[in-house]
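Worksheet: one structure, shown below.
What follows is calculated from the coordinates using simple rules that are stated; it is not laboratory data. None of the values given here were measured: they were computed from a predicted structure. Glycine gets a Cβ as well: all are built from the backbone with ideal geometry, and neighbour counts include every protein chain shown.
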Amino acid sequence: MTSDAGRMTSGAAVRGMRAAVIHHYGGPEEFRTETVPEPVAGPGQVLIDVTLAGLNYADLHCRTGEYARYPLPAVLGADVVGRRRGDGRRVVALLRAGGGYARVAVAEAAHTVEVPDGVADAQALALLEQGATAYGALTLAGRLRPGETVAVTAAAGGVGHLAVQLARELGAARVLALASTPAKREFARSLGADRVLDPADPGLADRLGESGGVDLFVDLVGGPVLRAGLAGLAPFGRLLSVGARGGPEESFSVDELADRSAGLLGFWLQHVLADRALFAATAARLFELAAGRRLVARIDRTVPLSGVAGAHRVLAARETMGKVLVDVGRED
Ligand SMILES: NC(=O)c1ccc[n+]([C@@H]2O[C@H](COP(=O)([O-])OP(=O)(O)OC[C@H]3O[C@@H](n4cnc5c(N)ncnc54)[C@H](OP(=O)(O)O)[C@@H]3O)[C@@H](O)[C@H]2O)c1
């Protein structure tokens with residue numbers, strides 16, 4: 001949230017709004033529900049009267065100051081859905097400068113898309129950040145081809161559960177889903193995964209390598225699972241890093257990759273967002289799939305604005321399946 005301190009200007013003309021605010025980087029206990037000045041839209045920006053804000057894994061790192069060190073006090077939250085000020089149109093937006101856990105958010109117009117009638121607010125919100133990540137990772141970075149075998153880590157999570165469905169939709173012949181609990185694995189299976197695996201299984205690399213191995217290993221977690229992913233690749237397979245939980249990362253030598261004819265890839269949603277036409281086309285595709293019920297986001301829970309701290313706790317404790325939402329109009 002690079003300019004939020006500037007946006008929180010005080011003065012008689014500035015209206016107040018309720019928001020979940022942090023005054024220090026630290027644990028979830030840092031959140032305070034407070035009245036703060038409404039943000040002000042600058043050139044190329046729009047104001048949104050927010051109905052729902054989303055949680056993303058990166059929010060946890062933003063809160064501790066490890067990811068992006070926003071000026072304090074700060075309002076975190078990277079995605080919102082609501083009504084655009086001025087024309088009242090239903091829009092969903094990605095906020096690269098934070099500010100989502102609030103009744104009003106300011107968004108770049110270029111990072112805002114209108115929500116079609118056939119898609120509910122919660123679906124649109126759960127699909128945009130995490131769906132565009134899953135779709136971009138599979139298609140742009142991973143270059144998934146029909147008939148390939150795809151594996152997805154954190155497969156019951158916000159990005160992961162959409163990646164499992166999208167891999168199917170894009171013609172993967174087999175989808176392997178990795179998730180840490182039986183309930184999560186059962187959920188991943190219900191989404192169309194052919195096989196579910198426990199990332200803690202010491203024989204994981206062998207299981208991934210069965211039936212010819214994995215063509216595209218989509219990793220949302222980082223760390224040791226990447227090594228198992230490399231070992232389980234089919235010849236010419238691709239290891240795709242999309243996310244990290246924090247902590248030491250694996251490194252691979254060129255020789256290790258060459259020995260397997262393997263590719264090592266990365267994906268960052270920012271490169272989709274930076275291209276308005278690509279971002280809009282991605283959103284349109286996701287909404288089309290959602291309207292046809294071919295892609296369904298699971299809403300794990302919706303918490304009130306005063307419940308953001310608890311929502312951060314359950315996300316960090318790996319207790320969620322799908323997307324966590326904040327109803328910014330509620331304070332219980
Ligand atoms: N590259 C990009 O542009 C981009 C964009 C959006 C998100 N992401 C990344 O994608 C990943 C998923 O994001 P999300 O918002 O959808 O989160 P999420 O998947 O809903 O939650 C994170 C999941 O990571 C797994 N995990 C493994 N080790 C963990 C640990 N030590 N602590 C907590 N969780 C752990 C857990 O699944 P299990 O219990 O099943 O292991 C947990 O449910 C994150 O790494 C995020 O940063 C990247």
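Quick notes
- Averaging the Cα positions of each part gives two centres, and for segment 115-150 and segment 311-332 these lie 21 Å apart.
- Against the chain, whose longest principal axis is taken from its Cα atoms, helix 276-291 shows a tilt of about 80°.
- In degrees, nearest ten, helix 121-136 long axis to first principal axis of the chain (Cα): 40 degrees
- Rounded FRET efficiency, nearest 0.05, which uses the C-beta distance separating Arg32 from Ser190 and R0 of 41 Å: 0.60
- Taking amide H positions as modeled 1.01 Å from N, with prolines and chain starts lacking one, the residues under 5 Å from Ala234 and 5 or more places away or on another chain are Val214, Asp215.
- Our note on the geometry: Cα centres of segment 171-187 and segment 272-299, 22 Å apart.
- Two-site FRET efficiency, Glu169 against Ser306, from Cβ-Cβ distance with R₀ of 45 Å, rounded to 0.05: 0.75
- Set of segment 104-148 residues, backbone N closer than 11 Å to the point 7 Å along the Cα-Cβ line of Arg276: 109-112
- Inter-centroid distance (Cα atoms) of segment 254-269 relative to segment 18-75, Å: 36 Å
- In order along segment 306-322, the Karplus-derived 3J(HN,Hα) couplings, from 6.51 cos²θ - 1.76 cosθ + 1.60 at θ = phi - 60°, round to 6, x, 4, 4, x, 5, 4, 5, 6, 5, 5, 7, 6, 8, 9, 10, x Hz, and Gly and Pro are given as x.
- Put simply, when 165-176, 197-208 are sorted by average Cβ atoms within 10 angstrom per residue, most first, you get 165-176, 197-208.
- Helical content alone sets the calculated 222 nm signal of the chain at -8000 deg cm²/dmol, taking -39,500 (n - 2.57) per DSSP H segment of four or more residues and averaging over every residue.
- Top positive-direction residue, dipole computed over the chain with Cβ charges, set Leu264, Val14, Pro235: Val14
- Its Cα centre serving as origin, segment 148-193 has a Cβ charge dipole (Lys and Arg +1, Asp and Glu -1) of approximately 120 debye.
- Computed from Cα atoms, the angle from the helix 160-169 axis to the main principal axis of the chain rounds to 60 degrees.
- Other-chain or far-sequence residues with amide H under 5 Å of Glu38's (modelled H): Arg15, Gly16, Met17
- Karplus-derived HN-Hα couplings along segment 16-29 (A = 6.51, B = -1.76, C = 1.60, θ = phi - 60°), whole Hz, x at Gly and Pro: x, 8, 8, 7, 8, 10, 10, 9, 9, 6, x, x, x, 5
- Karplus 3J(HN,Hα) series, Hz, for segment 198-211 with 6.51 cos²θ - 1.76 cosθ + 1.60 (x for Gly, Pro): 8, x, 8, 5, x, x, 4, 4, 5, 5, 5, x, 5, 6
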